[in-house]
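The values are calculated or read from the model by the stated rules, or taken from the named source; none is laboratory data. What you are looking at is a predicted structure, and each value in this text was computed from that prediction instead of being measured. Cβ coordinates were reconstructed from backbone atoms using ideal geometry, including for glycine residues, and neighbour counts include every protein chain displayed. Remember, those area values only see protein heavy atoms, side chains included, never the ligands or the DNA or RNA. Shrake-Rupley method; radii C 1.70, N 1.55, O 1.52, S 1.80 Å.
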Amino acid sequence: MDLYLEGKVFIVTGGAKGIGAAISKTIGAEGGMVVVAGRDKNDNHTTVDEIIKMHGKAASHTIELADPEACKELVEFTIEKFSRIDGLVNNAGVNDGIGLVGGSPEKFMGSLQKNLSHYYNLAHYAFPHLKYTKGSIVNIGSKVSVTGQGNTSGYAAAKGAINALTREWAAEMLPYAIRVNAVLPAEVWTPLYENWIAKFADPAAKLKSITSKIPLENRFTKAEEIADMVVFLLSRRSAHTTGQILFVDGGYTHLDRSLT
Ligand code: NAP
């Protein structure tokens, strides 16, 4: 299936690692141009180099996304570099464990800044360009938005808001034919996941217990499997899909627990 990404330009936040890197590389492999936006210059360059080696087109932009002004600069950089924006992937986030008991009001707000504010800021600044191209926004959420996890109020609140904003923006963007969808992973092996599971007393036992409860093939979702759905949603092959919250999770969130 040709996704018609040739000549199209996409921003991927957190695009150098984990799920974001898989999305950046899939866009490159499908002929699109990608701005890899993350805080670590070396990580960004590594991913950009891999895309260029595959004969794709990519640029790196080093950014701390919690800074609203930096979000504006990322959009300006993309326009200077590639002259258009066809899609925005809001992907960067961190499950930072700011709990109701152990956290604080300041830490809670800090978590929203890391996980939520830049989704709005980038969509806001990219809007005039997406309007021109009738572009697409894909927000990466999390199953935590609907299941809870415990001890992660900031992350859960941000991910819940991302589901709500996906519907809200899909509605507001109808007059401009800009589509907005969300993809929600559950268990994907990435640097973020590795750091999270390392905090358990027995990470190997915890990993085994989680894996056994993933209904489809008792395995983690691959970052590339998330990327395939995201890139489909970015492309005009999904031209009549908007306001959708899609769980790419091997049935983890919704299937009957008695199956595992
Ligand atoms: P990851 O492995 O940590 O990769 C995220 C990338 O984004 C890293 O390069 C990180 O930089 C960067 N980043 C994070 N916050 C940033 C900021 N404020 N400014 C600039 N760069 C920033 O994470 P992942 O597992 O691929 O997760 C990607 C998305 O999927 C997140 O929204 C996450 O909530 C969601 N998700 C993942 C899973 C899973 O199982 N992995 C499950 C549910 C949802 P550093 O490395 O420097 O921090």
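Counting Lys and Arg as +1 and Asp and Glu as -1 over every other residue whose Cβ lies under 9 Å from the Cβ of Ile63, the net charge comes to -2.
Shape class of region 138-216 from the alpha-carbon gyration tensor: prolate, with a/c at 1.5 or above and a/b greater than b/c. Loop-located GluC sites (Glu not before Pro) in region 143-244 (DSSP state not H, G, I, E or B) with no more than 13 neighbouring Cβ atoms inside 10 Å: Glu217.
Ordered from largest to smallest accessible area (heavy atoms of protein chains, 1.4 Å probe), the residues Lys8, Lys81 come out as Lys81, Lys8. What does the charge count around Trp189 come to, taking other residues whose C-beta lies under 10 Å from its C-beta (Lys +1, Arg +1, Asp -1, Glu -1)? After counting each charged neighbour, the total is 0. Thr133 exposes around 30 Å² of accessible area when a 1.4 Å probe is run over every protein chain in place.
Working from label points 7 Å from Cα in the Cα-to-Cβ sense, the Asp2 to Lys208 distance is 5.1 nm. Averaging over all projection directions, the Cα-based convex hull of region 188-241 occupies 4.8 nm² in the image plane. Structural size metrics of the chain, computed from C-alpha coordinates, are Rg and Dmax of 17.7, 54 Å.
Rg and Dmax of region 147-187, based on Cα coordinates, read 12.7, 40 Å. Less than 15 Å Cβ to Cβ from Gly243, Lys/Arg counted +1 and Asp/Glu -1: what total charge do the surrounding residues give? Residues close to Gly243 contribute a combined charge of 0. Solvent-accessible area of Met109, all protein chains in place: 120 Å² (probe radius 1.4 Å, heavy atoms, ligands and nucleic acids excluded). Extension gain for Lys134-Tyr176 works out to 14.5 nm (0.36 nm per residue, less the C-alpha to C-alpha distance). Measuring only protein heavy atoms, the 1.4 Å probe finds Ser153 accessible over about 40 Å². When only Cα pairs under 8 Å and 6 or more residues apart are kept, what is the percent relative contact order across the chain? Relative contact order comes out at 19 percent.
Accessible surface ranking for Tyr176, Tyr120, Tyr155, 1.4 angstrom probe, highest first: Tyr120, Tyr176, Tyr155.
For the set Arg39, Arg84, Arg237, the ranking by accessible area, highest first and with no ligand, DNA or RNA atoms included, is Arg39, Arg237, Arg84 under a 1.4 Å probe. Placing unit charges on each Cβ (+1 for Lys and Arg, -1 for Asp and Glu) gives the chain a dipole about its Cα centre, and among Ile52, Leu122, Gly250 the Cα reaching farthest toward its positive end belongs to Gly250.
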